[in-house]
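**Student:** Handing you a structure now.
The values are calculated or read from the model by the stated rules, or taken from the named source; none is laboratory data. Given the structure is predicted, the values throughout are model-derived calculations rather than measurements. Cβ: placed from backbone, ideal geometry, glycine included. Neighbour counts: every protein chain shown. The protein model used for the area step is the full one, side chains on, heavy atoms only, and it has no ligands, DNA or RNA in it. Shrake-Rupley method; radii C 1.70, N 1.55, O 1.52, S 1.80 Å.
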Amino acid sequence: MSKAKRKTSYDSQSGNVLFYILIAVAMLAALSFAVSQGNRGGTQGLNEDRAKLYAGEIIEYANTVANAVAQIKLRGYSDTEISFENSIVSGYGNPNCTDDVCKIFHPSGGGLSYLKPAPEWLDNSFSANNYYNQWLISGTNWVTGIGISALGGASNCIDGSGNCRELLIVLPYIKEQLCKEINKMTHHGKADGTAFVDAGNSAGRTIDVKFIGTYATSGANMGEASPASDNYTNLNSGCIEGDASPPSGAFTFYKVLIVR
């Protein structure tokens, strides 16, 4: 083979190698971008199937807690004796519960484990906020249209006694897509699952007090929507959007464990 032909062949091979290297670099760059996008939290989108799956997991766990509460009550314990003490989140020790049988997160009681929220559920733009990445059980709020408030309106609840505050489990700062899917499953919110804006900021007030056997004597109703035409009543679970505390754009799932 002549020198000129060998050079032409070498140049052709070098060009092919360079071409494949450039393709490999481009593919690595695309893969890196895809991974980085997939790992982003906050308002990063989820596909519809994932959103439905996660929404179902949230609802299922809250229902499991509600069933455990009902079982302990059937054993003869009052709601004020039920303890949500657990090894993950502190501050739930209930002095009224003097036996393991009245503890939700104990093998002798409700037999449940505290399920730490999955990172994929949460909007991490709120990760610095109090109670982010926690299930919260509270006795601060009432839900309009159920229990005592259904008998005579909200005026029955503004009595300073706390006798109509519901026992609630709450998960704040979930992703908007999950909020919409939850609302579709619970028949809450607007037709497309868009959350009602809670003008009373009841989600924020709900998470001010952890339940340790007593109910708050002041709080807010989870039914004062903005605009007022969106007021929602008689809904034991769903997802709402904050207005100030939590702020607009923050979405909170709630489930009534005990109607009062």
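**Student:** Check S32 against each of (1) closer than 22 Å to W135 by Cβ; (2) at pLDDT below 95; (3) part of a helix (DSSP H, G or I); (4) of a type in the set (S, T, Y) and name the one condition it does not meet.
**Tutor:** (1)
**Student:** Would you please name the residue that is modelled with the lowest pLDDT, looking only at residues in the stretch 116-132 that are among the aromatic types (F, W, Y) and more than 18 Å from A51 (Cα to Cα)?
**Tutor:** Start the filter on the stretch 116-132 by keeping residues that are among the aromatic types (F, W, Y), which leaves 121, 126, 131-132.
Restricting the remaining residues to those that are more than 18 Å from A51 (Cα to Cα) gives 126, 131-132.
Details: F126: 93, Y131: 87, Y132: 92.
It comes out as Y131.
**Student:** With respect to G242, determine if the residue is open to solvent by less than 30 Å² (accessible area, probe 1.4 Å), of a type outside the set (A, V, I, L, M), at pLDDT below 85 and under 23 Å from Q134 (Cβ atoms). Can you show your working first?
**Tutor:** Working: open to solvent by less than 30 Å² (accessible area, probe 1.4 Å): yes; of a type outside the set (A, V, I, L, M): yes; at pLDDT below 85: yes; under 23 Å from Q134 (Cβ atoms): yes.
Yes; evaluated as a whole, the condition is true for this residue.
**Student:** Looking at (1) farther than 24 Å from F251 by Cα; (2) surrounded by 17 or more Cβ atoms within 10 Å (Cβ to Cβ), find the lone condition where K73 falls short.
**Tutor:** Against the list (1) farther than 24 Å from F251 by Cα; (2) surrounded by 17 or more Cβ atoms within 10 Å (Cβ to Cβ), K73 comes up short only on (2).
**Student:** Further, regarding this structure: Could you list, in sequence order, the residues of the stretch 95-110 that are in a loop (DSSP other than H, G, I, E, B) and over 17 Å from W135 (Cα atoms)? Lay out the reasoning, then the answer.
**Tutor:** Keep residues of the stretch 95-110 that are in a loop (DSSP other than H, G, I, E, B), which gives 95-99, 104-110.
Selection gives P95, N96, C97, T98, D99, P107, S108, G109.
**Student:** Could I ask something else about it? So in the stretch 90-128, with the set limited to residues that are touching a Lys or Arg at 6+ places or on another chain (Cβ under 8 Å) and surrounded by fewer than 18 Cβ atoms within 10 Å (Cβ to Cβ), which one is farthest from R260 (Cα to Cα)?
**Tutor:** E120
**Student:** Determine whether the stretch 172-187 contains at least one residue that is at positive phi, at pLDDT below 95, assigned to a loop (DSSP other than H, G, I, E, B) and in contact with a Ser or Thr (Cβ under 6 Å, 6 or more places away or on another chain).
**Tutor:** No, the stretch 172-187 contains no residue that is at positive phi, at pLDDT below 95, assigned to a loop (DSSP other than H, G, I, E, B) and in contact with a Ser or Thr (Cβ under 6 Å, 6 or more places away or on another chain).
**Student:** While we're looking at this one, here's another question. Among the candidates S237, S226, single out the residue that is open to solvent by 20 Å² or more (accessible area, probe 1.4 Å), at pLDDT 70 or above and not aliphatic (A, V, I, L, M).
**Tutor:** Numbers: S226 fails: at pLDDT 70 or above.
On inspection, the qualifying residue turns out to be S237.
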